[in-house]
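The values are calculated or read from the model by the stated rules, or taken from the named source; none is laboratory data. Here the structure is a predicted model, which means the values were calculated and not measured. Glycine also receives a Cβ, built like all others from the backbone with ideal geometry; neighbour counts cover every protein chain displayed.
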Amino acid sequence: MRNLPPPDSDSSPLGLEEWIGIIIAVTTIGAILIGVLGQRQKGFNLKQWVGSTTSEPRIEEPEAPKLTPPTLDPTPTRQTPSRIQIVPASPSPSPAVTVSPSSPDEAFPEKARAVPLAPIVSAPETETPTPTPTETPVEPVNFADVPDEYWASPYITALVRRDIMSGFPESNTFKPDSSITRAEFAALLKKAFEQQPTLATPNFKDVSSDFWAWSAIQETSKTNFLRGYPNTTFRPKEPIPKVQVLVALASGLGLKETQPSQEVLQTYQDSAQIPEYAREKVSAATQAGIVVNYPNLESLNPNQDATRAEVAAMVYQALVEAGKAEAIGSEYVVNP
């Protein structure tokens with residue numbers, strides 16, 4: 001009997017089926033190794049890699065990393081951040097994931113929703129037009145005895161409108177050619193000029209405290225416009241002469257001569273009639289343009305009683321000299 005070799009010692013080559021099985025096994029093992037290396041953080045699940053008998057293994061997409069909710073500031077600012085960056089709890093090569101809240105309540109659920117305030121729109125400023133100043137109409141001064149062509153009409157009208165002089169309402173007249181008393185002239189000066197007292201309070205024997213012009217006489221005497229007589233009298237009811245009007249205006253305004261008196265007073269034909277005490281003051285008043293002579297510029301008539309028209313003209317010219325009135329053109333103003 002012949003001895004046969006045992007079956008394990010058969011050295012016949014591998015068949016086709018054996019080679020296919022080897023290739024599939026190698027391929028499967030390689031795919032499993034690649035997946036394990038790419039997903040080290042995850043546990044190895046053999047079921048998802050093994051179980052397919054096809055030639056190409058199926059590889060599932062890795063799950064997204066778990067996100068840790070953001071830590072919110074308990075006292076957030078009023079402005080809601082437009083984007084909140086979420087950082088994974090464990091380091092990962094995957095890029096950071098950002099989440100944009102759709103509303104303030106989703107980002108800060110513990111806070112009440114803020115109601116936005118409507119913007120305050122201020123009305124455009126409009127310039128208020130400046131009203132055009134209008135002059136208050138002044139009623140014309142129409143005295144029956146002062147026509148428009150009267151030589152002193154502009155002066156009388158100006159002083160009446162300034163409430164410095166007045167007419168006689170019962171007759172609607174001004175009586176321009178009538179004389180004026182010393183008391184009346186004192187009252188007129190008080191209204192026309194405001195001067196600081198420079199002299200002591202006078203004590204005139206003929207002016208009692210209940211006299212209608214007492215305060216006017218006291219004030220004009222203390223401001224050097226009017227002076228009394230040497231015997232401590234004022235003579236309030238006497239008509240005032242023209243020379244005293246000029247001396248009072250020059251003294252009260254503090255006028256000084258700029259030229260010698262003898263040269264200036266030569267302007268008047270009757271300069272010799274000017275009292276010695278008054279020559280310097282009359283000269284200063286003449287140089288200041290206060291003297292008004294009607295109808296003759298060269299006739300001063302210093303000792304005649306001054307008329308109401310003459311007083312109105314000379315007081316107005318004194319206001320012009322003091323800068324309190326505009327000049328009125330007149331051919332009867334003396335310009336030496």
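The residue of the range 165-184 that is nearest to the chain's Cα centre (by Cα), among those that are hydroxyl-bearing (Ser, Thr, Tyr) and under 16 Å from Ala152 (Cβ atoms), is Ser166.
Taking the residues in the range 185-216 that are of a type in the set (D, E, K, R) and not in a loop (DSSP other than H, G, I, E, B) as candidates, determine which candidate is farthest from the chain's Cα centre (by Cα). Only one residue tops the list, namely Lys190. Summed over the range 232-259, the residues that are closer than 20 Å to Asp206 by Cα and not in a helix (DSSP H, G or I) give a count of 10.
Of note, Val311 satisfies the criterion of being crowded, with 23+ Cβ neighbours inside 10 Å and out of contact with any Gly (no Cβ under 6 Å at 6 or more places or on another chain).
Applying the condition of being among the small types (Gly, Ala, Ser) and part of a loop (DSSP other than H, G, I, E, B) to the range 138-167 and asking which residue is nearest to Ala318 (Cα to Cα) yields Ala152. A residue that is at pLDDT 95 or above and closer than 22 Å to Leu159 by Cβ cannot be found anywhere in the range 267-280.
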